[in-house]
Amino acid sequence: MQLFVFIVAGAMVLGGAVGVVLRTHPVHAALSLVLTLFGIAVLFIAQDAQFLAAVEVIVYAGAIVVLFLFVIMLLGIDRAEDLHVEPFKIQRPAALVIGVGLVSLLGIAVIASREHPVPTVTPSQAVTDALADPHNGNIRALARDVFSDHVLAFELTSALLVIAVVATVILARKPRKGETYIVSGSAQ
Amino acid sequence: MGALLAADTLHGPKVDWFALTPLIILLGGAMVLLLVAALTPAWPKRAYALFTVAVGSAAAVMSFILWDRINHQGAKTLVGDAMWLDKPGVWIAITVCIGVVMAALLTDDYLRREGIDGPELYVLYLLAALGAIVMASANDLIVLFLGLEILSLALYVMAASHRKRADSQESGLKYFILGGFSSAFLLYGIALIYGSSGSTNLGKIESYFRLNPILDHSKETLALAGVALLIVGLAFKVAAVPFHFWSPDVYEGAPTPVTAFMASVGKAAAFAAMLRVLLQGLPHWAQDYRPAIWTIAVLTLVGGSVMAVVQTNVKRMLAFSSISHAGYLLVGVEAAAHNAGNGLSSTGVSSVLMYLLVYTVLVGGTFAVVTAVGRTGDGATDLAGFRGLGRSKPALALGMTVLLLAQAGVPLTSGFVAKFGVIGDAVRVHSYAIAIIAMVSAVIAAFLYLRIMISMWIAEPEAGDDAREAVRVPALLCVAITLSVGFTLAIGFFPDWLIHAAP
């Protein structure tokens, strides 16, 4: 069963990822990303991380992909980039080298870990408790952590949101009529 | 079900609200300013700036009261171990409040001159100050990171806030991209430290490494990589060589009052955070990170002074000067790393904290003069803009001269006291080489300050000088410069009380 779920979800993830790269229509590419994210959510559930799965769907598939689609629509879906023009000449060879390097490193890591098992990382007390809790204390432990140990951090994020609002007001404001724009010599 | 719920009732950590008052005042002030200014027509001249000055001063006063309380009751942690209420933290809080007041005084006339008046920048000052204080008092790496992001995000926006200048937008974008990059380094470092020690709390990290002095190989690698990435992230924030590339461009492009804020508050918070992380969280690794700090300090000292010499724009010069100041501060950090086991009471910490306070006042005054000389458009900040200032505005030029001498570390100014402090501590822990390098680079850096002085007092007037817009020194700017020069000289002549006060 586990293997079956893994294979299906893995196929979803890979299929989606290939789709993001290969689909020429930007909306289709963005929708392929949703497939990948759903696959990852399924993998999370298989690992007993229900909360992460829910967040993955709500935040990534829900909010972020919608934002992508929004931007694509705003820019116009018909606009196509000419892929034959390379802004930086070295980009594609570099991408190839880095991609191959990353895949081979990951491969080596997987092979090496079969021979030398990786030592486990000490989880914090909250994680240990959550795993020991038969009533699936995963989400509960997370809530406890956020509202007790990390309550200050949690509250501080509100200041970040305020800054985001002010930033939008400042940066997205349209210039008034007759406002001149100063372009001096570019900073050296 | 009822029993289950009752057993599950969450008991949040006890909150000592009084100890949080400086933060609450800053946040509340920002909210009030934002809401009220959004609902009312434009406030009268200077009202936004004076409101910000009042909020900053109120937070500073509360910090003084807390300082007194620590004297009686000792230091403690707040909100479930997430933050410290201790003297270094409160000292930086006061420093940050001074930075806010100075920046608000500089900003007032600047915004009207540039035709972009509004409350937004002041709101960002107050919020950034909140982030800076959180960062400086954090006892948890997550809280520290959030403080850093609050401060940095506000700074990115501030740097880009001059909508009419392409340079300002460019500097905001550059700062944003590079800053995001460095935050990622820091976050990765935090994750690795968490992976090796099992906690993000500085106290718990420290005790874990103290109680498990012999780690297995993989954990040690993890921890060392974490330490290295944390140092990279923090070194970027303080603009230490070789992580300084953003700073000259950003300093030059950002609106001058924002540059003052960036140089003072940003640096103070980042150094306080660095001391917390290295001395309170990771003293176990002091032997490993001390050579790294030593190298970065030397590169910063020499690089900052040497690169400053070839600049022609005063804001860029001051950016490199701020880099070399970061070098002196790192000398203090290196000295503290020699006896890191003592946490924040190590030799070197108090002189770093004193340096930060002195530098905040100094840089506020210096950039106040640059704000005035920049003239409408904020563009006349090259050396030519300062030409003849000694004739047209002798008082302003005199003030600038005092501030520049202080930055160079000439005796009888606060800059000398600050530099003497860190170099003295380096000698005290027998770190002679770095002390000598610091003194030599002070001599090289003096050249840069002399160039600005020569341009003000000695340079021959050139054709077209008379056609330039006259330099205006509005009231609040005048207040800022006077306070800064007064403090600089007062500390220069009577340094004892400040040295004794420093934690």
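The values are calculated or read from the model by the stated rules, or taken from the named source; none is laboratory data. Just so we're clear, the structure is a prediction, and the values are computed from it rather than from any experiment. When we count neighbours, we look across all protein chains shown, and the Cβ atoms used for this are built from the backbone with ideal geometry, even at glycine. With ligands, DNA and RNA removed, areas are computed over all heavy atoms of the protein, side chains included. Shrake-Rupley method; radii C 1.70, N 1.55, O 1.52, S 1.80 Å.
Test of understanding: among B:Ser183, B:Ser199, which residue is crowded, with 18+ Cβ neighbours inside 10 Å, more than 9 Å from every other protein chain (Cβ to nearest Cβ) and free of Cβ contacts under 8 Å to residues at least 60 places away in the same chain?
Details: B:Ser199 fails: more than 9 Å from every other protein chain (Cβ to nearest Cβ).
Answer to the selection: B:Ser183.
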Residues located in region A:133-188, provided they are modelled with pLDDT of 85 or more and more than 7 Å from chain B (Cβ to nearest Cβ):
A:Phe154, A:Glu155, A:Ser158, A:Leu161, A:Ala164, A:Val165, A:Thr168
Output for region B:117-137, where each listed residue is more than 9 Å from chain A (Cβ to nearest Cβ) and among the hydrophobic types (A, V, I, L, M, F, W, C):
B:Leu126, B:Ala129, B:Ala132, B:Ile133, B:Met135, B:Ala136
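A quick yes/no check of all residues on (1) of a type outside the set (Lys, Arg); (2) at pLDDT below 90; (3) more than 30 Å from B:Glu206 (Cα to Cα):
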residue	(1), (2), (3)
B:Leu35	yes, no, yes
B:Leu39	yes, no, yes
B:Ala47	yes, no, yes
B:Leu50	yes, no, yes
B:Ser63	yes, no, no
B:Asp68	yes, no, no
B:Lys76	no, yes, no
Pairs, first in contact (Cβ under 8 Å) with a residue 40 or more places away in the chain and farther than 16 Å from A:Ala41 by Cβ in region A:1-18, second open to solvent by less than 40 Å² (accessible area, probe 1.4 Å) and assigned to a helix (DSSP H, G or I), C-beta under 9 Å, six or more apart
none
Within region B:37-45, does at least one residue satisfy the condition of being in contact (Cβ under 8 Å) with a residue 12 or more places away in the chain and among the β-branched types (Val, Ile, Thr)?
no
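Name the residue, out of B:Ile94, B:Ile116, B:Ile177, that is at pLDDT 95 or above and open to solvent by 10 Å² or more (accessible area, probe 1.4 Å). It would help to see each step written out before you state the result.
On the way: B:Ile116 fails: at pLDDT 95 or above; B:Ile177 fails: at pLDDT 95 or above.
Going through B:Ile94, B:Ile116, B:Ile177 in turn, just one is at pLDDT 95 or above and open to solvent by 10 Å² or more (accessible area, probe 1.4 Å): B:Ile94.
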Across region B:216-233, what is the total count of residues that are open to solvent by 20 Å² or more (accessible area, probe 1.4 Å) and either within 19 Å of B:Ala292 (Cβ to Cβ) or polar (S, T, N, Q) (or both)?
9
Specify which of the listed residues (B:Ser484, B:Ser455, B:Ser441) is outside any loop (DSSP other than H, G, I, E, B), modelled with pLDDT of 85 or more, open to solvent by less than 70 Å² (accessible area, probe 1.4 Å) and farther than 18 Å from B:Thr401 by Cα.
B:Ser441
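Quick one: count up the residues across region B:139-168 that are aliphatic (A, V, I, L, M), within 9 Å of another protein chain (Cβ to nearest Cβ) and either open to solvent by less than 10 Å² (accessible area, probe 1.4 Å) or in contact with a helix residue (DSSP H, G or I) (Cβ under 8 Å, 6 or more places away or on another chain) (or both). Reasoning before the result, please.
Let us first name the residues in region B:139-168 that are aliphatic (A, V, I, L, M), namely B:141-144, B:146, B:148, B:150-151, B:153-155, B:157-160, B:166.
Pick out the ones that are also within 9 Å of another protein chain (Cβ to nearest Cβ) and you get B:142-143, B:146, B:150, B:153-154, B:157-158, B:160, B:166.
Among the residues that remain, those that are also either open to solvent by less than 10 Å² (accessible area, probe 1.4 Å) or in contact with a helix residue (DSSP H, G or I) (Cβ under 8 Å, 6 or more places away or on another chain) (or both) are: B:142-143, B:146, B:150, B:153-154, B:157-158, B:160.
Number of matching residues: 9.
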Tally time: how many residues in region A:24-49 are farther than 21 Å from A:Ile7 by Cβ, more than 17 Å from the chain's Cα centre (by Cα) and either at pLDDT 85 or above or assigned to a helix (DSSP H, G or I) (or both)?
3
Would a scan of region A:22-30 turn up a residue that is buried (at least 19 other Cβ atoms within 10 Å of the Cβ) and under 26 Å from A:Met73 (Cα atoms)?
yes
I'd like the full set of residues that are in contact with a helix residue (DSSP H, G or I) (Cβ under 7 Å, 6 or more places away or on another chain) and under 14 Å from B:Val369 (Cα atoms), limited to region B:471-490.
B:Val471, B:Arg472, B:Val473, B:Pro474, B:Leu476, B:Leu477, B:Val479, B:Ala480, B:Ile481, B:Ser484, B:Val485
Name the pairs whose Cβ atoms lie under 6 Å apart, with the first residue in region B:75-88 and open to solvent by 50 Å² or more (accessible area, probe 1.4 Å), the second modelled with pLDDT under 90 and in a loop (DSSP other than H, G, I, E, B), and 6 or more positions between them or separate chains?
B:Lys87/B:Pro503
Which pairs have Cβ atoms under 6 Å, sit 6 or more apart or on different chains, and link a residue in region B:239-250 that is under 14 Å from B:Met317 (Cβ atoms) to one that is open to solvent by 10 Å² or more (accessible area, probe 1.4 Å) and at pLDDT below 90?
B:Asp249/A:Ala187
Condition first: under 21 Å from the mean Cα position of the chain (by Cα) and free of Cβ contacts under 8 Å to residues at least 60 places away in the same chain. Now tell me which residues in region B:161-180 satisfy that.
B:Leu173, B:Phe176, B:Ile177, B:Gly180
Whether any residue in region A:107-116 is part of a loop (DSSP other than H, G, I, E, B), within 14 Å of chain B (Cβ to nearest Cβ), over 23 Å from A:Ala53 (Cα atoms) and at pLDDT below 80 is what I want to check.
yes
Which numbered condition in (1) basic (Lys, Arg); (2) at pLDDT 90 or above; (3) open to solvent by less than 80 Å² (accessible area, probe 1.4 Å) is the only one that B:Arg468 fails?
(2)
Could you tell me whether A:Glu56 is among the acidic types (Asp, Glu), touching a residue at least 12 places away in the same chain (Cβ under 8 Å) and either in a loop (DSSP other than H, G, I, E, B) or over 30 Å from B:Glu220 (Cβ atoms) (or both)?
yes
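Keeping to region B:387-409, report how many residues are within 18 Å of B:Ala445 (Cβ to Cβ) and part of a helix (DSSP H, G or I). Lay out the reasoning, then the answer.
Initial filter on region B:387-409 (within 18 Å of B:Ala445 (Cβ to Cβ)): B:400-409.
When the remaining residues are screened for being part of a helix (DSSP H, G or I), the result is B:400-408.
The qualifying residues number 9.
Scan region B:375-386 for residues that are part of a helix (DSSP H, G or I) and either within 27 Å of B:Gly492 (Cβ to Cβ) or β-branched (Val, Ile, Thr) (or both) and jot them down. Give the steps one after another, and end with the answer.
We begin by selecting, within region B:375-386, every residue part of a helix (DSSP H, G or I); these are B:383-386.
Result: B:Leu383, B:Phe386.
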Is it true that A:Leu69 is within 30 Å of B:Ser218 (Cα to Cα), out of contact with any strand residue (DSSP E or B) (no Cβ under 9 Å at 6 or more places or on another chain) and part of a helix (DSSP H, G or I)?
no
Helices (runs of 4 or more DSSP H) wholly inside region B:230-320 that include at least 1 residues being touching a strand residue (DSSP E or B) at 6+ places or on another chain (Cβ under 8 Å)
B:246-253, B:267-275
